[in-house]
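Okay, structure first, notes after.
The values are calculated or read from the model by the stated rules, or taken from the named source; none is laboratory data. These figures come from a predicted structure and were not determined experimentally. Ideal geometry is used to build each Cβ from the backbone, glycine not excepted, and the neighbour counts take in all protein chains shown. Heads up: the accessible areas ignore ligands, DNA and RNA and are worked out on the full protein's heavy atoms, side chains in. Shrake-Rupley method; radii C 1.70, N 1.55, O 1.52, S 1.80 Å.
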Amino acid sequence: MNERERYRPPAHSGPTLADDAFRDMMAAFPTGVSVVTARSGDARPWGMTCSSLCSLSVDPPTLLVCLRTQSPTLRAVLASGAFAVNLLHGESEWVAALFASGAPDRFDRVAWRPSRLTRSPALIEAAHAVAECAVERTHGAGDHMIVVGAVRAVDHLDHDSALLYGFRRYGELPRPVPAGAGEPGSSGPEHT
């Protein structure tokens, strides 16, 4: 028996929730913005904006992403068995919009390189961090697929902010400055 066969959503006996009410509630939950990328069997790059991202475990490092079942990016993730999570920096709103649009030339319009281990596209100018993941398992849920990824490598890029999305708009969260940093005579935070 596979995971899809074991899970049976409870039968609904009451009124159904309006799609708009659910979307409005989720829009009021600010979250970070990422672009999930993968390469198909012919090495073509695929990617989509994703805010459905969650850290599952530190030991071993594991995360999950939720991708639309009809997405070509999901097909590339499943075919390659690997993907990259590109956490966008605060000045990358245009990249989030580009990868949400499905524009066929999106990889021609951003700087990227194959990541070191999985060869998934790393958005080197738009991301503040990139996690390379191997697909560990999947689970169907409604019109999305939950993809669990074992994190194989993390690359921190030189950006000092993160892109957020909430209330149907983007925002920027700057990296905190350590206490004492930049003060005369200070070499940074004290370590004990």
(request) Using a 1.4 Å probe and counting only protein heavy atoms, arrange His139, His156 so the residue with the most accessible area comes first. (result) His156, His139
(request) Give me the distance in nm between label points sitting 7 Å out from Cα along the Cα-to-Cβ direction at Glu125 and His156, one decimal. (result) 2.4 nm
(request) Please list, in chain and number order, the residues 5+ apart from Ile124 or on another chain whose amide H is under 5 Å from its amide H, with Hs placed from the backbone. (result) Trp112, Arg113
(request) Give, rounded to the nearest 20 debye, the magnitude of the charge dipole that the range 101-143 has about its Cα centre when Lys and Arg contribute +1 at Cβ and Asp and Glu contribute -1 at Cβ. (result) 160 debye
(request) Determine the order of Asp160, Asp108 by accessible area, beginning with the largest, at a probe radius of 1.4 Å. (result) Asp108, Asp160
(request) Enumerate the amide H contacts of Gly90 below 5 Å, restricted to partners 5 or more residues apart or on another chain; note that Pro and chain-start residues carry no placed amide H. (result) Ser161, Ala162, Leu163
(message) Could you compute the net charge surrounding Trp46? Neighbours are other residues with a C-beta less than 9 Å from the C-beta of Trp46; K and R count +1, D and E count -1.
(response) +3
(request) In whole Hz, with x marking every Gly and Pro, tabulate ³J(HN,Hα) for the range 37-49 from phi via Karplus 6.51 cos²θ - 1.76 cosθ + 1.60, θ = phi - 60°. (result) 10, 7, 10, 6, x, 8, 6, 5, x, 10, x, 8, 5
(request) Provide the FRET efficiency to the nearest 0.05 for the Arg169-Ser52 pair, computing r from the beta carbons and using R0 = 25 Å. (result) 0.90
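At a 1.4 Å probe, what is the % contribution of carbon and sulfur to the accessible area of the range 48-192?
Looking at the range 48-192 in its full context, I get 53 percent from C and S.
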(message) Apply the Karplus curve 6.51 cos²θ - 1.76 cosθ + 1.60, θ = phi - 60°, to the phi angles in the range 85-93 and return the couplings in whole Hz, x for Gly and Pro.
(response) 10, 9, 7, 6, 7, x, 9, 10, 4
(message) I want the local charge near Leu67. Using Cβ-Cβ distances under 11 Å, sum +1 for each Lys or Arg and -1 for each Asp or Glu among the other residues.
(response) +1
